[in-house]
Amino acid sequence: MVLPLSQLVQQLNHKKAEFLSYDTALAQVRQAYQQALRIWQQQTISDITAAIDPQIAEWGARPVEPWDGGWRIPLGVEWPHRQAALDWARTQLMSVTTVAVDGSQILPSEELLLPVAVVQAGWFINPHRSNGCYAKEIALELITPVELRQAEEQLQQPQTYRFQERYVHLRRFELELKTLRERMVEVATPALLLFDGSFVATFAESYAPEWQTRYVAALCQTLEASLKHRIPLVSYIDSSQARDLVTLLRHLANLPPNPYLSDAQLLNTVLTQWGDRSPFFVCDRGGILGKYNSWVKDIGFCYLKAHQGCPVRLELPLWIYKAGLLDQVIRWLCGELITGQGYPYALEVADQLAVLQGSDRQDFLKQLQVWAEGVGMELRFSRKWVSKQQRR
């Protein structure tokens with residue numbers, strides 16, 4: 001069956017007033033925040049600090065990098081054509097090793113009456129040296145029925161629904177960060193490591209404490225490794241819904257909450273030219289960050305105009321800013337963006353390397369079947385899957 005477009009249009013017309021009233025209310029609140037942004041980006045860090053109610057423990061964002069006349073810090077470079085931009089990018093990245101990791105998974109399936117899963121992380125290293133060759137590889141982990149059963153016993157979860165799916169996602173997350181840490185030990189410096197995802201695991205706040213501990217441990221170990229090896233690590237979030245600056249402005253201007261306005265939307269009118277970035281802030285949203293121990297106040301962020309859409313969010317350990325490396329790291333990242341035409345080239349390669357398609361899942365099931373027959377183990381597949389294989 002296809003989507004009945006005529007019915008959809010009828011429903012849209014019937015509920016037009018609801019859409020318009022929602023949009024109007026949202027626009028009014030957005031205008032109030034934009035006005036607060038215009039005012040407070042003209043102030044200093046001291047002004048903001050003095051204006052925050054001392055009873056407020058969590059600001060959302062704490063400014064640490066001074067600005068001059070607004071929250072727009074331009075890259076300061078322009079090019080007459082794309083080839084000139086590529087030449088600039090090549091100059092910035094020369095002898096800088098870029099590393100990126102991304103992951104994928106095959107979840108337990110109803111096709112196979114045995115709970116088994118696979119997670120993998122693809123990594124890409126580009127040394128950007130005339131005598132150096134790039135390297136790319138996959139790290140794979142098989143999750144057995146015994147591991148899944150043990151996880152159910154060890155990890156408390158109020159609802160058992162989708163437990164296996166959540167656990168596989170956790171294992172993929174841990175494998176990605178483990179792979180990043182392993183690459184830190186190997187790569188030549190200077191180097192830049194890229195991670196596709198946030199360092200602040202707010203998504204895990206609805207999970208039981210045992211789950212939160214696993215996510216936080218993987219993140220803090222990776223941040224600690226970055227500090228130990230003095231290798232800059234950047235979390236790249238292309239479509240961020242984070243609201244740390246929105247929260248800060250709400251406190252400063254006593255504005256009503258707006259759960260639908262993001263920092264990226266708010267800054268879209270400020271960071272207008274490619275390469276513009278915001279000042280550097282420390283994330284201060286509370287919640288799960290309280291479990292980060294020594295890193296609770298040491299994860300910073302800024303926003304970068306990387307393409308025609310809203311600015312992207314970059315999260316970095318605070319040591320990078322304190323070491324005076326932030327501008328250099330931004331230029332390296334911009335070089336990656338130019339090479340990748342709007343998305344970091346290294347992350348794009350890692351994603352293509354790691355992604356598992358539907359055909360990979362079928363190959364996995366077939367290989368598992370062949371292996372099971374070889375060791376004398378009987379696998380039971382759903383009749384639907386068997387029927388599909390017989391028809392192909």
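Find the Cα radius of gyration of region 177-224, compare it with 2.2 N^0.38 Å by division, and give the number to two decimals. Can you show the working numbers first?
Values: Rg = 12.6 Å, N = 48, 2.2 N^0.38 = 9.6 Å.
So the Cα radius of gyration is 1.32 times the expected 2.2 N^0.38 Å.
Could you tell me which of Leu114, Val355, Val2 has its Cα farthest along the dipole of the chain towards the positive end, charges placed at Cβ (Lys, Arg +1; Asp, Glu -1), taken about the Cα centre?
Val2
What ranking of Cys334, Cys310 comes out by heavy-atom accessible area, probe 1.4 Å, highest first?
Descending accessible area places them as Cys310, Cys334.
Got a number for the accessible area of Asp47? Probe 1.4 Å, square angstrom, nearest 10.
Rounded to the nearest 10, that gives 60 Å².
Probe of 1.4 angstrom, ligands and nucleic acids ignored: what's the accessible area per residue over region 267-387, in square angstrom?
44
In what sequence, largest accessible area first, do Thr269, Thr179 appear using a 1.4 Å probe?
Thr269, Thr179
As a test of reading the structure, rank Val146, Val64, Val312 by solvent-accessible area (1.4 Å probe, protein chains only), most first.
Val146, Val64, Val312
Are there trypsin sites (Lys or Arg not before Pro) in region 266-299 that DSSP puts in a loop and that have at most 12 other Cβ atoms within 10 Å, and which ones? List each step's numbers first, then the result.
Working: sites: Arg277, Arg285, Lys291, Lys297; in loops: Arg285, Lys297.
Here no trypsin sites (Lys or Arg not before Pro) fit, given the DSSP loop and packing criteria.
Using the scaling law 2.2 N^0.38 Å as the reference, what is the normalised Cα Rg of region 262-329?
On the way: Rg = 13.1 Å, N = 68, 2.2 N^0.38 = 10.9 Å.
Relative to the rule-of-thumb radius for its length, region 262-329 sits at 1.19.
Taking every Cα atom in region 267-384, find the radius of gyration and the maximum pairwise distance Dmax, and write them in Å.
22.4, 65
Given DSSP loops and a limit of at most 10 other Cβ atoms within 10 Å, what is the longest stretch of the chain that contains no such GluC sites (Glu not before Pro)?
Details: sites that count: Glu110, Glu378.
Looking at the chain, 111-377 is the longest stretch - no exposed GluC sites (Glu not before Pro) with at most 10 other Cβ atoms within 10 Å.
Return the loop-located chymotrypsin sites (Phe, Trp or Tyr not before Pro) in region 83-161 (DSSP other than H, G, I, E, B) with at most 12 other Cβ atoms within 10 Å of their own Cβ; answer none if there are none.
Qualifying residues, ordered by number: Tyr161.
For region 38-171, what is the charge dipole size about the Cα centre, in debye to the nearest 20, if Lys and Arg each add +1 at the Cβ and Asp and Glu each add -1 at the Cβ?
In total the dipole reaches around 420 debye.
Of all accessible surface on the chain at a 1.4 Å probe, what whole percent is carbon and sulfur?
51
In 5 Å bins starting at 0, how do the alpha-carbon pair distances of region 75-219 split up by percent?
2, 8, 15, 16, 15, 12, 10, 8, 6, 5, 3, 1, 0
Radius of gyration and Dmax for region 13-55's Cα atoms, expressed in Å?
16.8, 52
In whole Å, what are the Cα extents of region 223-295 along the three principal axes, biggest one first?
Taking the Cα atoms of region 223-295, the three principal extents are 41, 33, 20 Å.
Using 10 Å bins from zero, what percent of all Cα-Cα pairs in region 41-149 falls into each bin?
Here the calculated profile for region 41-149 is 10, 18, 16, 21, 23, 11, 1.
Radius of gyration and Dmax for region 210-338's Cα atoms, expressed in Å?
Calculated on Cα positions, Rg and Dmax stand at 15.2, 44 Å.
Any idea what the dipole of the chain comes to, in debye rounded to 20, about its Cα centre with Lys/Arg Cβ at +1 and Asp/Glu Cβ at -1?
The calculated dipole for the chain is roughly 560 debye.
Students often forget the sequence filter, so: which aspartates and glutamates lie under 17 Å Cα-Cα from Lys15 once same-chain residues fewer than 8 apart are removed?
Filter leaves Asp23.
To make sure I understand the rule: partners must be aspartates and glutamates, Cα under 15 Å from the Cα of Lys297, and not fewer than 8 residues away in the same chain. Which ones qualify?
Of all the aspartates and glutamates, those that pass the test against Lys297 - Cα under 15 Å, at least 8 places apart if same chain - are Glu58, Glu65, Glu224, Asp244, Asp284, Glu315.
Over region 1-74, what per residue volume does the convex hull of the Cα atoms give, in whole Å³?
Normalising the Cα hull of region 1-74 by residue number yields 210 Å³.
For region 226-273, what relative contact order do you get, as a whole percent, if you take Cα pairs closer than 8 Å and at least 6 residues apart? Mind showing how you got there, number by number?
Working: 23 pairs, mean separation 17.0, N = 48.
Relative contact order comes out at 36 percent.
State log₁₀ I(q)/I(0) for the chain at q = 0.09, 0.12 Å⁻¹ as given by the Debye formula over alpha-carbon point scatterers of equal weight, solvent excluded.
-0.66, -1.08
Beyond 32 Å between alpha-carbons counts as too far, so tell me which of Lys228/Lys291; Lys136/Lys291; Lys178/Lys366 fall in that bin. Mind dumping the intermediate values first?
Numbers: Lys228/Lys291 20 Å; Lys136/Lys291 34 Å; Lys178/Lys366 29 Å.
Correct reply: Lys136/Lys291.
Return a whole-number percent for the relative contact order of region 116-199, with Cα pairs under 8 Å and 6 or more residues apart as the contact set.
Values: 64 pairs, mean separation 26.3, N = 84.
Answer for region 116-199 is 31 percent.
Explain nothing, just the number: relative contact order of the chain, from Cα pairs under 8 Å at least 6 residues apart, as a whole percent. Working shown, then result.
Numbers: 602 pairs, mean separation 91.2, N = 392.
Once normalised by length, the contact order is 23 percent.
Can you compute the helix-only [θ] at 222 nm over the chain? Use -39500 (n - 2.57) per DSSP H run of at least 4 residues, normalise by all residues, nearest 500 deg cm²/dmol.
That comes out to -14500 deg cm²/dmol.
Nearest 10 degrees is fine. How inclined is helix 244-253 to the longest principal axis of the chain, computing both from alpha carbons?
Tilt relative to the chain: about 30 degrees.
The values are calculated or read from the model by the stated rules, or taken from the named source; none is laboratory data. What you see is a predicted model; the values in this text were computed from it and never measured. Every residue, glycine among them, receives a Cβ derived from its backbone with ideal geometry; neighbour counts consider all protein chains shown. The area values use the complete protein model at the heavy-atom level, side chains included, leaving out ligands, DNA and RNA. Shrake-Rupley method; radii C 1.70, N 1.55, O 1.52, S 1.80 Å.
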